[in-house]
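*Asks:* Could you have a look at this structure, given as structure tokens, before my questions?
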């Protein structure tokens, strides 16, 4: 059950908020649009911010950026709000934005062609080439990293939010890019389970913040060896690998609990 807490739209620099909703456990949910105003280089990116009721200007919450696969926020919403509830239970806010080429956002032709090439290679039992992986992943990472930084700029301008920031899940290559280049991110939980360009492995050597990596050992869509090579490449002095038996959607509940403990150590 959810309740509206405001009948008016709210605007803060860079963000236009729809009326807030208080979910039945007290979590406050606000959808927003990032950019899209005259003269803004961003195209009006949908996003969602969840804050615990305890978050105020005098006691701001630290946000966790929730990554997700490029399947659209509407489709991913049940999983995202569940993760936001887990964050709020620890006293954190949570936020996410729609990925480039996903949902109602404009398509990215080079990525669409790469998806078609990927499906054709898999159907033929042919190897997935570096060229396909680069075209599938790198345009997404390049655009999404800048948009995530812009979202973080706008979100941290809100009085009820304050850094440092956590990052959790989603396309692991995007997580690597942000972990390597965004100093406001203090700790990251990354989910192994997507194709990884070779250039991203090189970027991983520059990552020094604490990392907690989740790996499903029997993930049918994940190259386990590539995930292990990426983990080995991370330059972080503190990095942990939580590997569990089972497929892509079989992440056990205790794996999420260990991620909660990881953020408790590094965001409080």
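*Asks:* Among the candidates 228, 190, single out the residue that is over 15 Å from residue 137 (Cα atoms), outside any strand (DSSP E or B) and touching a strand residue (DSSP E or B) at 6+ places or on another chain (Cβ under 9 Å).
*Replies:* The conditions single out 228.
*Asks:* Can I ask one more? Here is a check on your reading of the model: is residue 131 in a helix (DSSP H, G or I) and over 30 Å from residue 17 (Cβ atoms)?
*Replies:* Yes, satisfied.
*Asks:* Report whether or not residue 106 is in a loop (DSSP other than H, G, I, E, B), within 22 Å of residue 45 (Cα to Cα) and at pLDDT 95 or above.
*Replies:* no
*Asks:* Can you name every residue in region 152-177 that is over 24 Å from residue 118 (Cβ atoms) and either in a strand (DSSP E or B) or in contact with a helix residue (DSSP H, G or I) (Cβ under 8 Å, 6 or more places away or on another chain) (or both)?
*Replies:* Once the filter is applied, which keeps residues that are over 24 Å from residue 118 (Cβ atoms) and either in a strand (DSSP E or B) or in contact with a helix residue (DSSP H, G or I) (Cβ under 8 Å, 6 or more places away or on another chain) (or both), region 152-177 yields 161, 164, 165, 166, 167, 168.
*Asks:* Among 59, 84, which is the only one that is within 22 Å of residue 159 (Cα to Cα) and in a loop (DSSP other than H, G, I, E, B)?
*Replies:* Residue meeting the stated conditions: 59.
*Asks:* Now for a different question. Return yes or no: is residue 186 under 19 Å from residue 66 (Cα atoms), at pLDDT 95 or above and surrounded by 23 or more Cβ atoms within 10 Å (Cβ to Cβ)?
*Replies:* The answer is no for residue 186.
*Asks:* I'd like to check something: does region 71-78 contain any residue that is under 15 Å from the mean Cα position of the chain (by Cα), part of a loop (DSSP other than H, G, I, E, B) and at pLDDT 90 or above?
*Replies:* Yes, that holds for at least one residue.
*Asks:* What are the residues in region 32-77 that are in contact with a helix residue (DSSP H, G or I) (Cβ under 9 Å, 6 or more places away or on another chain) and without any contact (Cβ under 8 Å) to a residue 24 or more places away in the chain, if any?
*Replies:* Matches in region 32-77: 32, 41.
*Asks:* Of all residues in region 131-149, which are surrounded by 19 or more Cβ atoms within 10 Å (Cβ to Cβ) and closer than 27 Å to residue 57 by Cα?
*Replies:* 147, 148
*Asks:* Another question, then. Would a scan of region 195-209 turn up a residue that is farther than 28 Å from residue 131 by Cβ, at pLDDT 95 or above, assigned to a loop (DSSP other than H, G, I, E, B) and more than 16 Å from the chain's Cα centre (by Cα)?
*Replies:* Scanning region 195-209 turns up at least one residue that is farther than 28 Å from residue 131 by Cβ, at pLDDT 95 or above, assigned to a loop (DSSP other than H, G, I, E, B) and more than 16 Å from the chain's Cα centre (by Cα).
*Asks:* Let me ask another. Please verify whether residue 149 is within 22 Å of residue 220 (Cα to Cα), assigned to a helix (DSSP H, G or I) and either out of contact with any helix residue (DSSP H, G or I) (no Cβ under 8 Å at 6 or more places or on another chain) or touching a residue at least 24 places away in the same chain (Cβ under 8 Å) (or both), treating the condition exactly as stated.
*Replies:* For residue 149, the condition - within 22 Å of residue 220 (Cα to Cα), assigned to a helix (DSSP H, G or I) and either out of contact with any helix residue (DSSP H, G or I) (no Cβ under 8 Å at 6 or more places or on another chain) or touching a residue at least 24 places away in the same chain (Cβ under 8 Å) (or both) - is not met.
The values are calculated or read from the model by the stated rules, or taken from the named source; none is laboratory data. Remember, predicted model here, so these are calculated numbers, not experimental data. All Cβ positions, glycine included, derive from the backbone under ideal geometry; neighbour counts span all protein chains shown.
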